[in-house]
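Below: the structure, in structure tokens.
The values are calculated or read from the model by the stated rules, or taken from the named source; none is laboratory data. The structure displayed is predicted, hence computed values, not measured ones. No Cβ is skipped: glycine too gets one built from the backbone with ideal geometry, and neighbour counts run over all protein chains shown. Keep in mind that these areas ignore ligands, DNA and RNA; they rest on the heavy atoms of the full protein, side chains included. Shrake-Rupley method; radii C 1.70, N 1.55, O 1.52, S 1.80 Å.
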Amino acid sequence: MSTVVFLGGGRITSAMLAGLHLSNTRHRLVVHDRNPDKLRKLKKKYNVAVELDLDRAVERADVLIVAVRPASVGGLLGAIGKQKGQLRRRRILAVSLAAGVPLRLLTKLLGRPWQWARAMPSPLCRSGRGLTAVTYSRGFPAAGRKLLSDLFATFGQVVEIRESKFDLFTVTFSPSHGYHAVASLARAAQAAGLDRKTAFLTSAHALADGIIAWREERLSLELLLEEAATPGGTAAATMAALDAAGYQQAVRKGLAAGLRRARANAGQ
Ligand SMILES: NC(=O)c1ccc[n+]([C@@H]2O[C@H](COP(=O)([O-])OP(=O)(O)OC[C@H]3O[C@@H](n4cnc5c(N)ncnc54)[C@H](OP(=O)(O)O)[C@@H]3O)[C@@H](O)[C@H]2O)c1
């Protein structure tokens with residue numbers, strides 16, 4: 001059993017706490033945030049320990065999860081150990097969730113004996129359906145890798161990927177794609193005449209149910225596409241028109257914009 005300390009008690013920390021709570025984690029969980037109100041709410045909801053003092057929070061950590069926005073990472077790490085310099089000399093497994101902030105910058109802000117990893121959890125971890133990418137700095141201990149991998153596996157699948165692909169993973173895996181696609185399809189169906197309830201029912205079925213079945217049954221996507229879109233039929237005509245209108249191009253542009261934003265937010 002380890003003590004896992006979250007620095008930042010916002011949206012993703014709340015989702016991770018929900019996932020850990022659901023799996024009855026044996027780890028001790030502590031949250032630090034600069035907003036006492038948020039800490040009170042998290043304590044009440046997930047029965048976690050909270051700590052308003054940054055250094056006291058860090059002192060307790062075996063694993064430290066940095067869950068503030070990318071632009072706040074430098075300030076937060078710079079504030080650690082201002083009074084107690086020994087905190088910076090303590091060996092600690094630190095994981096940053098901040099999109100775009102590279103390991104080399106984290107290591108520059110707080111170097112050895114701190115050992116850095118990056119992780120990118122999905123907010124779906126709150127229901128145990130997460131997907132978390134992890135990447136480790138050179139020399140990150142094997143026991144630490146196992147600890148982190150097991151921790152993230154409590155709320156979903158874990159994949160280790162190279163840091164050079166991390167931002168691309170981040171902009172691709174976001175459940176926002178699915179929500180956005182459902183909203184767009186339902187809006188189009190409503191505009192064409194379906195009532196709101198039926199528009200969302202059909203759109204959610206179109207996007208979610210087929211994909212869940214595809215993953216569970218491990219069928220070929222090409223075969224499923226062939227099955228669902230009879231040549232000369234309505235689905236084939238719809239997809240052809242979507243492609244002709246630039247569907248693929250729009251998705252590529254979306255990912256490219258996300259990548260640019262990840263780099264800009266991280267100040268790279
Ligand atoms: N949301 C997601 O789905 C998701 C998924 C994967 C990774 N991430 C990454 O996780 C990080 C957090 O995202 P989020 O959506 O959870 O953000 P968020 O909701 O804004 O949460 C961040 C929390 O940290 C607090 N905070 C900021 N600076 C602080 C400081 N110096 N000391 C103490 N507390 C501080 C914020 O307080 P204030 O409200 O006062 O600023 C806020 O409560 C980001 O870097 C993001 O890239 C997010």
>> Could you give the length gained by full extension between residue 44 and residue 62, i.e. 0.36 nm per residue of separation minus their alpha carbon distance, to one decimal place?
In response: 4.1 nm
>> At 1.4 Å probe size, with the rest of the protein present, what percent of the exposed accessible area of segment 176-266 is carbon and sulfur atoms?
In response: 62
> Which distance in Å, rounded to a whole number, links the C-alpha centroids of segment 215-254 and segment 1-60?
Replying inline: 43
>> If DNA, RNA and ligands are ignored and the probe is 1.4 Å, what is the ranking of 163, 227 by accessible area, most exposed first?
In response: 227, 163
> Once amide H atoms are built 1.01 Å from N in the peptide plane, which residues 5 or more positions from residue 65, or in another chain, come under 5 Å H to H?
Replying inline: 5, 6, 7, 95
>> Can you show me the helix-derived [θ] at 222 nm for the chain, built from DSSP H runs with n ≥ 4 at -39,500 (n - 2.57) apiece and divided by the number of residues, rounded to the nearest 500.
In response: -15500 deg cm²/dmol
>> Please list, in order along segment 97-102, the HN-Hα scalar couplings obtained from phi with the Karplus expression 6.51 cos²θ - 1.76 cosθ + 1.60 (θ = phi - 60°), rounded to whole Hz, x for Gly and Pro.
In response: 9, 5, 4, x, 7, x
>> Please check: in the Gaussian network model of the chain (C-alpha springs, under 10 Å), which one of 27, 177, 205 has the largest mean-square fluctuation.
In response: 205
> Taking only C-alpha pairs under 8 Å that are 6+ residues apart, what is the relative contact order of segment 176-266 in percent?
Replying inline: 15
>> Given contacts defined as C-alpha pairs under 8 Å and at least six residues apart, what's the relative contact order of segment 1-154, whole-number percent?
In response: 23
> Within the accessible area of segment 17-145, what % is carbon and sulfur when the probe is 1.4 Å and the other protein chains stay in place?
Replying inline: 50
> Can you give the FRET efficiency for residue 183 and residue 127, using 1/(1 + (r/R0)^6), R0 = 22 Å, r = Cβ-Cβ distance, to the nearest 0.05?
Replying inline: 0.65
>> How far apart, in nanometres, would the label points at residue 53 and residue 26 be if each is projected 7 angstrom from Cα along the Cα-to-Cβ direction?
In response: 3.1
>> Between residue 263 and residue 112, what is the label-point separation in nm under the 7 Å Cα-to-beta-carbon projection?
In response: 3.1
>> As an exercise, use a Förster radius of 41 Å and the Cβ-Cβ distance of residue 86 and residue 176 to find the FRET efficiency, rounded to the nearest 0.05.
In response: 0.50
> Residues of segment 71-174: accessible area per residue at 1.4 Å, in Å²?
Replying inline: 47
> What is the calculated FRET efficiency for residue 79 to residue 241, with r their C-beta to C-beta distance and R₀ = 45 Å, to the nearest 0.05?
Replying inline: 0.25
